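Presented below is the structure to which this report refers.
The values are calculated or read from the model by the stated rules, or taken from the named source; none is laboratory data. Everything quoted here is computed from the prediction, not taken from an experiment. Glycine also receives a Cβ, built like all others from the backbone with ideal geometry; neighbour counts cover every protein chain displayed. Side chains are part of the model used for accessible areas, which takes the heavy atoms of the whole protein and leaves out ligands, DNA and RNA. Shrake-Rupley method; radii C 1.70, N 1.55, O 1.52, S 1.80 Å.
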Amino acid sequence: MQRLVLLLSVAIAASAQGPAVAPAAPTTPTTPAAPAPAAGTTNITGVLAKAGQFNTFIRLLKSTGVAAQIDNQLNNSFGSGMTVFAPTDNAFTSLASGTLNSLSDSQKNALIQYHVLSTAIPMSQFDTVSNPLRTQAGSTSPGQYPLNVTAEGQQVNITTGVVNATVDNTLYTGDQLVVYQVNKVLLPMAIAGTPAPAPAPLAPTKTKGKTPTSTVADAPEAEASTDTSLAAPARIVTGGGVAVVHVLGLLACVWWGLL
């Protein structure tokens, strides 16, 4: 009887305390999520991929690091925007066989930089730009990286000194970026230009033979000719005059003697 009362007392006390609580598991620190990209950011390769037919240009933009450079400048609001001339895959196919493979890494970088201007130029402003335009490739000096753009109505022509290209389409227009489709790869003079031939050395001047002066000025014939034409006639005239006067004098004496 006493055991039963004890068991009942223990059961009543346990039910009053409630169910046992398991110890809390240790918490694992969480890594903060990466911030979502800001609205309005521009990705040059994304623009080209969306347009299609620019696979070769996209590959070169990535391998040279120019794509990251463009995105960094655009998304940090550096400068006054950018203009990109994007050649199609067909434009690259039209290059002479082995053209890209023959370029060094630095030349490939310069080639892609040559397709980028450090300012955003809308289509309507091409007729007011001052040529040559400066690209991100560098100098506009003759034989380097000058780029000339002219607008005739709705057509925009590009001249590098090596190729003449046209703008076929506007792929993207924004406050900081304008992307145009061009029908040819823009080859700069510094990479693909044919150097002007060096001037030919001057031919040695041939010394023409001169006739010795003695054969002309000191020729005996000349002296003889001079003496004959001038002195001889003078002596003849003078001698003849004396003879005539002498004869006339003798005749006068004879005449007076006869008288």
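Here are a few things to note about the model shown:
- The helices (runs of 4 or more DSSP H) found wholly in segment 66-155 and carrying at least 3 residues that are open to solvent by 50 Å² or more (accessible area, probe 1.4 Å) and at pLDDT 95 or above occupy 105-113.
- Test result for residue 202, over 24 Å from residue 50 (Cβ atoms), touching a Ser or Thr at 6+ places or on another chain (Cβ under 7 Å) and either part of a loop (DSSP other than H, G, I, E, B) or at pLDDT 95 or above (or both): no
- Subset of segment 158-171 [open to solvent by 30 Å² or more (accessible area, probe 1.4 Å) and of a type outside the set (Val, Ile, Thr)]: 161, 164, 168, 169, 171
Residues are listed down the side, and each one gets a yes or a no for (1) in contact (Cβ under 8 Å) with a residue 60 or more places away in the chain; (2) of a type in the set (D, E, K, R):
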| position | (1), (2) |
| --- | --- |
| 145 | no, no |
| 151 | no, no |
| 159 | no, no |
| 162 | no, no |
| 175 | yes, yes |
| 178 | yes, no |
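- Which numbered condition residue 42 misses (of (1) at pLDDT 95 or above; (2) outside any helix (DSSP H, G or I); (3) within 19 Å of residue 170 (Cα to Cα)): (1)
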